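What follows draws every value from the coordinates through simple rules; no lab data is involved. Note that this is a predicted model, so its numbers are computed, not measured. Note that we place each Cβ from the backbone using ideal geometry, even for glycine, and neighbour counts take in every protein chain shown.
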Amino acid sequence: MREEPKVPFRMPVEDVFEVNRCIVIGGRVEQGTVCGGDVIEISGEGGTVTATVARVEFLCWRGVGEPTGWPGDNVGLRLRKVSPGQIRVGWIAIAIQPS
């Protein structure tokens, strides 16, 4: 088991796309952890969006239980309460509620 990082979650948004009417943001976790149910803020030039992470997606998840994004992981975050066009590539996702 990994030791929980002492810093809050942070991830630059590298991709934004829609899957089955859900918005997914992709990127590489720089610090902290993220898991389903976390509330995050995505902000950048032109706005700020608050969203709930519905699920953390991996290309190939081989773990047990709910997936968690750790520093260095490339993940897709399936978001709730977000509509298409609200988030742009280059924005930064951060934790506003601890994991």
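Using packing as a proxy for protection, rank 80-92, 24-36 so that the peptide with the highest average count of other Cβ atoms within 10 Å comes first.
Going by the mean number of other Cβ atoms within 10 Å, highest first, we get 24-36, 80-92.
If you look at just the Cα atoms of the chain, how large are its Rg and its Dmax in Å?
Every Cα atom of the chain included, Rg and Dmax give 12.4, 39 Å.
When you have a sec, figure out the Kirkwood radius of the stretch 1-54 from all distinct Cα pair distances and drop it here in Å to one decimal?
12.5
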